[in-house]
Every structure is written in structure tokens, then in C-alpha cells.
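Beneath this line is the structure, given in C-alpha cells, with notes to follow.
Any read-out appearing in this document is the output of simple, stated calculations on the displayed coordinates, not a laboratory observation. All values derive from a computational prediction rather than experimental measurement. All Cβ positions, even for glycine, are placed from backbone atoms using ideal geometry, and neighbour counts span all protein chains on display.
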Amino acid sequence: MKRKNTLGFQIKTLDNLFFRNMIAYETSQKDMDEVTVMHGWILGFLHENADRDIFQKDIETEFSIARSTVTSIVKLMEKKGYICRESVEQDGRLKRLVLTEKGCKIHEQHIGYIDLLEERCKRNIAPEEMEVFLAVAEKLKQNLEADIACSYSKLFASGKKTEGR
């Protein structure tokens, strides 16, 4: 099988192209030169869930990224003024993540371009084809998540430890 006909190659290529388009746009926009694509996704997640408390753990789960990575991202986003952390009444140790006014503004710019990029990506693709693509992508994600969960449980059962877990 040729490398170009593998899932990994196709997924990585799509990711690279999507990322390059996002970076090209964001670096051309005033006030968005320091916003990463992941910052944009997190701002969107916080905006969509503004009616409930969102914690760092929710970001880890939503985007399937490690705690240490989320910690670094959240610290940087807080430093740049996109988000702030607020204590919750029930437990002073817990800090919910909240969009700032600057974060809301950046989100609006970011989401406008994501919508445009999504439309450009979908041109010449029938709605039925998009439904199939998204359904297959969801199954691929579930398979990979199940494999990760299985691998971790085998490691823990054998007594081996992994860094950061």
C-alpha cells in the first residue's frame, strides 16, 4: 500500500493544510498574531459553554490533550488576557475558566474565519458525503480512544507507570 493511501498520511496532511490556512489568516489580522489555532478552539469551547463552569479537566477531555499541555496553554492564554481563572463557591481550590472581553473579541474573529475555511473545505462535496465523512471520522476517533484506554488499563494492571499519568 502506498503511503498516500493510509489514514495516518491523509489525516496528517489535512491537519497540516488546515493549520497552514489558519496561521496564514491569523498572522494577517491585527490583534491575532499571537493566537494559536488551539487557543481559538479553546476560546470557542468556553464561549459555547458560557452557561456552565468549565475547568481545565474539561479542556483536556474535549480536545484529548494531556494535562501538562493544557496547563501550559491555559497559563499562556491567561497571561495574554484571553481568559481568567475564578474560584468556585463550592470548592475554593477549583478554578473555572472564563473568557475575558479580549477573549470574546478574539473568538468572534477566529470563528468567522473558521466558518469561512470550513465552507471552502466543503466546496464540491455533497452534504451526503460530508455526513459519511463525519460519521467515519467519529468511528476512527472512538477506535483510537478505546485503544488508548485499553493500553492504559493494561499498563496499570501490570504495575508499570507512565510519566505524567
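Overview of results
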read-out: Interchain or long-range residues, amide H under 5 Å from F55's placed H; value: L97
read-out: Charge dipole of region 38-162 about the Cα centre (unit charges at C-beta), most positive-ward option of G44, G112, T69; value: T69
read-out: Value of [θ]222 nm, deg cm²/dmol, for the chain, DSSP H segments ≥ 4, -39500 (n - 2.57) each, nearest 500; value: -22500 deg cm²/dmol
read-out: Normalised contact order of region 6-146, rounded percent, pairs of Cα under 8 Å and 6 or more residues apart; value: 21
read-out: Max mean-square fluctuation residue, GNM over the chain, Cα-Cα springs under 10 Å, options V74, V98, V132; value: V132
read-out: Axial C-alpha extent at least 15 Å, average Kyte-Doolittle at least 0.5 - helices from the chain (DSSP); value: 37-48
read-out: Efficiency of FRET from Cβ geometry, S28 and T71, R₀ 41 Å, rounded to 0.05; value: 0.85
read-out: Relative exposure of V70, V37, judged by other C-beta atoms within 10 Å (fewest first); value: V37, V70
read-out: Given charges at Cβ of Lys, Arg, Asp, Glu: the chain dipole, positive-most of F18, F133, L144; value: L144
read-out: Rough spin-label spacing in nm, given labels placed 7 Å along Cα→Cβ, for V37 and V136; value: 2.0
read-out: Gain on full stretching of the segment that runs from R3 to E118 - 0.36 nm per residue minus C-alpha separation; value: 38.8 nm
read-out: Trypsin sites (Lys or Arg not before Pro) lying in DSSP loop within region 3-103, provided at most 16 other Cβ fall within 10 Å; value: K30, R52, K80, R93
read-out: Label-point separation, E62 to E129 (7 Å along Cα→Cβ), nm; value: 3.1
read-out: Values of log10 I(q)/I(0), in the order q = 0.10, 0.16 Å⁻¹, for region 1-129 under a Debye, Cα-only, solvent-free model; value: -0.40, -0.90
read-out: Label-point gap, in nm, between F18 and N143 - each point 7 angstrom along Cα→Cβ; value: 1.8
